[in-house]
2 protein chains.
Amino acid sequence: ARQPKRAVVPAAEPRQARDPSGQHPLTDRDGNARLQRYEERIKTAFDRIVPVLKRISALQHASDFERQAQSIARDALGFDLPEHMLADAWVTQLDLRRLFAWCVFETYRRMTDDFFANDPLGGHEIRDFDRFLQDCGFHQLDVTPCADGRLAHAISYVLRLPCGAVRRKPYAGGLFDVENTVSKWGEVELGRFREGIPNTADAPTRYLKSVIYHYSSVDPHHQGCAAHGSDDAAAAQGALDRLLAFRQSVENGFCCGASVALLLIGLDTDTDAIRVHVPDGEGHMDLTQSVDALKVHAITRDLEPTAARARVAELVKAHAPASADPGMLRLVARLIENNLSQIDYVRQVHGGHYADVGHAEHFMGVGIGFEEIQLRNLTYFAYLYTVEEGAADLDVGRKIFSGLNVSRGLPIPIVIRFDYHGGVPGARERAVTRCRRLDAALAGRFADLADRGLLHRLLVVRDSDAGAGIEVVGCSLTAPTAGGH
Amino acid sequence: ARQPKRAVVPAAEPRQARDPSGQHPLTDRDGNARLQRYEERIKTAFDRIVPVLKRISALQHASDFERQAQSIARDALGFDLPEHMLADAWVTQLDLRRLFAWCVFETYRRMTDDFFANDPLGGHEIRDFDRFLQDCGFHQLDVTPCADGRLAHAISYVLRLPCGAVRRKPYAGGLFDVENTVSKWGEVELGRFREGIPNTADAPTRYLKSVIYHYSSVDPHHQGCAAHGSDDAAAAQGALDRLLAFRQSVENGFCCGASVALLLIGLDTDTDAIRVHVPDGEGHMDLTQSVDALKVHAITRDLEPTAARARVAELVKAHAPASADPGMLRLVARLIENNLSQIDYVRQVHGGHYADVGHAEHFMGVGIGFEEIQLRNLTYFAYLYTVEEGAADLDVGRKIFSGLNVSRGLPIPIVIRFDYHGGVPGARERAVTRCRRLDAALAGRFADLADRGLLHRLLVVRDSDAGAGIEVVGCSLTAPTAGGH
Ligand SMILES: [Zn+2]
Ligand SMILES: [Zn+2]
Ligand SMILES: [Zn+2]
Ligand SMILES: [Zn+2]
C-alpha cells in the first residue's frame, strides 16, 4: 500500500521519456489526486464559512429568516445552524461572532470525526511501512516538525508517510523536549523487552528521532522559522543540537551500548521540497551537506521509473558521507522519492509555490494531541500543558489571529485539546480538568478579547488508546452570552 | 546496618522484663539518640533566628553595632551576617525582614550541604535494606506520603527506612499522579531488562507502591488531612482508590501479567504510630482491617526481644487476611517493628504527643526535589511545575504562613527548587529556567506580599544523578530592595 502507483511509461528516446505534464516519473499521481481532494474538501469547508455568514447576515430581518438561513447553511456548509442562535435575530441582531465561532468548531468536529472514522489519508495502513522501517534498521520513527502550521502536513503530504506509523511531536523551532523523548524511548524499549512490540529487544534496530526545520525560498528573511528569527542556519543548528542532546541523554542514562539514530531534515515551506542531512557511520551530521529533493527531481525527471529510482539511490549515496549506514541510505532514498510526489503536487495544485507564504490558519490548537491535523496552514499550534509555560507561543498565536480575524471583527477560535490513555483509570477526568484549567487561564490572559466576544474556545478530549474520535466536553459558546458586543 | 541495635535484656519474670524507662525491647535506642540529636540540631538552628535578630535589632544604633551583631550571629547561629545588610543600619534602619529571610535561607543551605555531604541520617546506606526488600519479593519501594509537613519525616523517622533506598513522592492528600508513577514503573522495569538493576527482569519480584494517609488522634476533626477535610475515612479511601488506579493502569497498559504490589499505611500525626492495611493474596485491601503499631507496642512491650519479634510477626499475620503474601507479611512486620522505635521516640522526646499538633513550618518548599527534608513540620511543600497547576496548594501555604509569619511582620521564605538529571545535556539550564519562571509567577500571584517585602525566594537546583548538594541560582534578596517597607 505504500508503493506509489505510477503510470507505465513506454520505452522511448531519453528526451521523450519526459512526461508531457512535466511530472516526475516516480510521482504518485493517484496519491496526489487523493490528497488534493482531501485538502480541497477540508479547506473549502472552512473557507465557505465567512461568505455563507455574510449572505445569512443580509437576510436577518427577513420574515422567513430562519428557514432561509438553515437552507443556505445546509446547502453550502452541509449542516444546520443552532436554532437558538438564529431565533433572537429579529429582536436584537444576529450575533455573527458567536455564529462564526460555532461554524468553525462544527467544521473542525466534522473533519475530525471523518478522520478517525474513515481514515481519508490512509494514515492507519501502517503494516508495509513498519516492515520497511525495520528492514532499514529502525523500530520507531519519531518526528518533530516545527510547530508552525506550515509544517502540519509534513508527515502525510511532504514525506508521504502513514501518520499512524510515525510519532509526531511538534515543537516551536523543532526544539523538542529531551526528557519527554527519553521517556518515550524508554517506553518503546520496554515494549520490545516485555512484549516484542514492535520487535524484540535483541533485534539490532534503533529508535530513529528526526527533526524537520524549515525555511522559505520565496522570502527567506521574513518567512523562515519565527522561533529562530528566520535565520535558517540557526534553525538547522538548533534542531541538530537538540538531536545530539537527546542521543547524549540516552547514552549517559543507560549503559550496555544504548543509543539511538538521528536524522535532520530541512523543509522549504514554499515548495515543500526537503533536504536531508544524512549522518555518517558515527552519527555525525553536517549542516553544509545534504541531499536536496529539488535537485534530485531535476536530475531524474527525464528517466524511466526504474532508472529514476536507481538514480535517486545513487544521488543519495553520492551526497551522503562515505560511511553512512546502508539502512539509513535506503530510508532517506524513500523519503526523497516520496517527496518528489509532493514537489509535483505543489507545482500542479499550487502553481509551484503556495499562495499563502505566510499565516492563513483557521483556528488555534492548544494542548496535546491533534493527530487529525494533517493539512498545511489550517491550525496554529501551541503544544502546552499550562498558559504559564506556553505564554510565549500563545502570544504569538494571538498576534497572528489579531491580523487574520480580530482585524475583521471576527473572534479567535481556539480548540483546547488533551488526549489521554483510556486504560488509565481517572485519565479522562484528569484530561477534562486540564481542559477546564487551561480554558480558565486562557480566558484570563486574553480577558480583553474574551470580554468583547473575540475569543471562543471548544474543549475536547480524546482516548488515544481507543483509536476513536474526539469528545467535546465544553465550549465558551454554551455559556451565557458575554457582554460588550 | 539496618538491624536496630538494642540493649541485651537479661531473662527475667515477664512482669519484670519491662524496661524501667518504659521503652519497648525492640526500640533502637542508639538510633533514637542519633535522630534526636539531628532533629534538635536542625530545629534549634531555625528556632534561634528570631531571638538572635531581636537581640541584634536592639543594638542597631550602638556605635560598635556591626562587630557586636556579627559576634552574636556567629555565636548563636554559627555564621556571619552579610555585611551590606548591617552597614546601612546607622543611617536608616536595619531591614529585619530581609535579614530574617536571609538567615532562614542560609540555615536551609547549611542543613542541605550537611545532608548531602555527611549523610547524617545514614539514609544512603541502602545495601542491607535493598537486599531485605528483594527477599520480601519487591525490587522497588515507592512511597507517597501526604505532602503535609507533618509527614516529611515519614521515611527516616516514622518507618526508619534509609531515604536513599525509597522513592518518596509526596502529594497533597496522598493523591499521587498515576501517569507519572506508571512512567516511573516502566523506567524501573527497563533498568531490570537492560541492566539487571536492581535485579534482573526474570526475578519474581514486584514494584511496591505505598501511600501514607494520616489522621490526628488528639484533634481528629481539625488536624487530620486538610486535602480531605479532616475526614479520615475519605483520606484512606482516596489513597486506596489511587493505588488501585495505578495497578489498573499497569495491568491495562501492559500484557504478559504485568502487575504491581500495593500497600496502604495510615499515620497518626500526633503519636507517629502507623497502622498497615495488609493486602490479601489477590491484592485487595480492607479499610476496616489493619495492623496497629500502637497495639502491637502495648502487647509486646513486656517481652524479651526475641519473643517480642516473634510476637510482632504473629500479630501482623493475625491482623492480615489469611491469603496474604508471606513476603508482604515479612515487610509489614519490619515496618511495624521499626515504628515501635518511633513510638518510643515521640514518647521520650516529645512527651507522647507532638506539641505542634498543627502547622509550625519554617519555610515553604516549592518545585520538585527536597530529598534533604526529612524532619517533621520544618517545611510546607507544594510539589508543582507551575503556579497555574499548583495554585490551590500555594494558596494554602500562603494562608499557613500568614498566620505563622506575616502576622508577626515576618516575610514568607520560599525555596524554589528543581532537581535535574546531570546526564541530560541542557537539563541544568532547563531547571534554572523553570526556577525563574516559577519565581516570576509566584511574585505575580503574591504581588501584594512581595511589594511589602513579605515574600522572599531562594532559587536552587540540584543534579540528582551526581549525588551532590544544591546549587543556589538566584535569590530575591540580591535584587534591589523592594519599596514599601
Ligand atoms: Zn493517524
Ligand atoms: Zn518554525
Ligand atoms: Zn537520601
Ligand atoms: Zn494530608
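The values are calculated or read from the model by the stated rules, or taken from the named source; none is laboratory data. Since the model is a prediction, treat every value here as computed from it, not as a measurement. All Cβ positions, even for glycine, are placed from backbone atoms using ideal geometry, and neighbour counts span all protein chains on display.
Looking at this structure, is B:ARG275 surrounded by fewer than 24 Cβ atoms within 10 Å (Cβ to Cβ), part of a strand (DSSP E or B) and free of Cβ contacts under 8 Å to residues at least 40 places away in the same chain?
For B:ARG275, the condition - surrounded by fewer than 24 Cβ atoms within 10 Å (Cβ to Cβ), part of a strand (DSSP E or B) and free of Cβ contacts under 8 Å to residues at least 40 places away in the same chain - is met.
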- Query: If you check A:ASP463 against the conditions, is it away from every other protein chain (no Cβ under 13 Å), in contact (Cβ under 8 Å) with a residue 40 or more places away in the chain and within 29 Å of A:LEU161 (Cα to Cα)?
  - Reply: no
- Query: When both residues are 6+ apart or on different chains and their Cβ atoms are under 6 Å apart, which pairs have a first residue that lies in segment A:123-138 and is closer than 18 Å to A:ARG206 by Cα and of a type in the set (Gly, Ala, Ser), and a second that is away from ligand 3 (no atom under 16 Å from the Cβ) and part of a helix (DSSP H, G or I)?
  - Reply: A:GLY137/A:GLY327
- Over segment A:155-179, the set of residues within 14 Å of ligand 1 (Cβ to nearest atom) and in contact with a His (Cβ under 9 Å, 6 or more places away or on another chain) is A:PRO162, A:CYS163, A:GLY164, A:ALA165
- Search result, residues across segment B:229-248 that are within 14 Å of chain A (Cβ to nearest Cβ), free of Cβ contacts under 8 Å to residues at least 40 places away in the same chain and not aliphatic (A, V, I, L, M): B:ASP241, B:ARG247, B:GLN248
- Query: Counting residues that are among the polar types (S, T, N, Q), which helices (runs of 4 or more DSSP H) fully inside segment B:73-154 reach at least 3?
  - Reply: B:96-118
- Task: Report the residue count in segment A:260-286 for those that are out of contact with any strand residue (DSSP E or B) (no Cβ under 7 Å at 6 or more places or on another chain) and under 22 Å from A:VAL178 (Cβ atoms).
- Result: 2
- Query: Scanning for something modelled with pLDDT of 95 or more and buried (at least 18 other Cβ atoms within 10 Å of the Cβ), does segment B:353-363 turn up at least one residue?
  - Reply: yes
- Item | Residue that is over 22 Å from A:ASP395 (Cα atoms) and away from chain B (no Cβ under 14 Å), where the choices are A:ALA431, A:ALA468, A:ALA447 | A:ALA468
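Let's see how each residue does on (1) within 16 Å of ligand 3 (Cβ to nearest atom); (2) free of Cβ contacts under 8 Å to residues at least 40 places away in the same chain; (3) closer than 27 Å to A:ARG131 by Cβ:
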residue	(1), (2), (3)
A:SER156	no, no, yes
A:GLY173	no, no, no
A:ASN180	no, yes, no
A:GLY191	no, yes, yes
A:ARG194	no, yes, yes
A:THR200	no, yes, yes
- Scanning segment B:274-321 residue by residue, those among the β-branched types (Val, Ile, Thr) and under 27 Å from B:HIS153 (Cβ atoms) turn out to be B:ILE274, B:VAL276, B:VAL278, B:VAL291, B:VAL296, B:ILE299, B:THR300, B:VAL312, B:VAL316
- Query: Are any residues in segment A:109-162 more than 16 Å from ligand 2 (Cβ to nearest atom), within 13 Å of the chain's Cα centre (by Cα) and among the hydroxyl-bearing types (Ser, Thr, Tyr), and if so, which ones?
  - Reply: A:SER156, A:TYR157
- Would you mind finding the one in A:SER259, A:SER249 that is more than 22 Å from the chain's Cα centre (by Cα) and part of a helix (DSSP H, G or I)? A:SER249
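One line per residue, one yes/no per condition, for (1) touching a helix residue (DSSP H, G or I) at 6+ places or on another chain (Cβ under 8 Å); (2) within 24 Å of B:ARG29 (Cβ to Cβ); (3) not hydrophobic (A, V, I, L, M, F, W, C); (4) not in a loop (DSSP other than H, G, I, E, B):
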| position | (1), (2), (3), (4) |
| --- | --- |
| B:THR288 | no, no, yes, no |
| B:ILE299 | yes, yes, no, yes |
| B:ALA308 | yes, yes, no, yes |
| B:ARG311 | yes, yes, yes, yes |
| B:GLU314 | no, no, yes, yes |
| B:MET328 | no, no, no, yes |
| B:LEU335 | no, yes, no, yes |
| B:ASN338 | no, yes, yes, yes |
| B:ILE343 | yes, yes, no, yes |
- Counting only residues in segment B:163-191 that are in contact with a Ser or Thr (Cβ under 8 Å, 6 or more places away or on another chain) and part of a loop (DSSP other than H, G, I, E, B), the one farthest from the other protein chains (Cβ to nearest Cβ) is identified as B:PRO170
- Message: Based on this model, can you work out whether A:ASP241 counts as closer than 12 Å to A:GLY174 by Cβ, surrounded by fewer than 21 Cβ atoms within 10 Å (Cβ to Cβ) and away from ligand 4 (no atom under 16 Å from the Cβ)?
- Response: yes
- Note on the structure: Within segment A:192-212, of all residues that are within 13 Å of chain B (Cβ to nearest Cβ) and either among the acidic types (Asp, Glu) or under 21 Å from A:GLY224 (Cβ atoms) (or both), the one surrounded by the most Cβ atoms within 10 Å (Cβ to Cβ) is A:GLU195
- Message: I'd like the full set of residues that are outside any loop (DSSP other than H, G, I, E, B) and either facing another protein chain (nearest Cβ under 9 Å) or within 24 Å of the chain's Cα centre (by Cα) (or both), limited to segment B:406-428.
- Response: B:ILE412, B:PRO413, B:ILE414, B:VAL415, B:ILE416, B:ARG417, B:PHE418, B:ASP419, B:TYR420, B:ALA427
- Note on the structure: Picked from segment B:208-243 (must be more than 19 Å from B:GLY352 (Cβ to Cβ) and in a strand (DSSP E or B)), the residue farthest from ligand 3 (Cβ to nearest atom) is B:TYR213
- Scan A:LEU477, A:LEU458 and give me the residue that is more than 30 Å from B:ARG437 (Cα to Cα), crowded, with 17+ Cβ neighbours inside 10 Å, in contact with a Phe, Trp or Tyr (Cβ under 6 Å, 6 or more places away or on another chain) and away from every other protein chain (no Cβ under 14 Å). A:LEU477
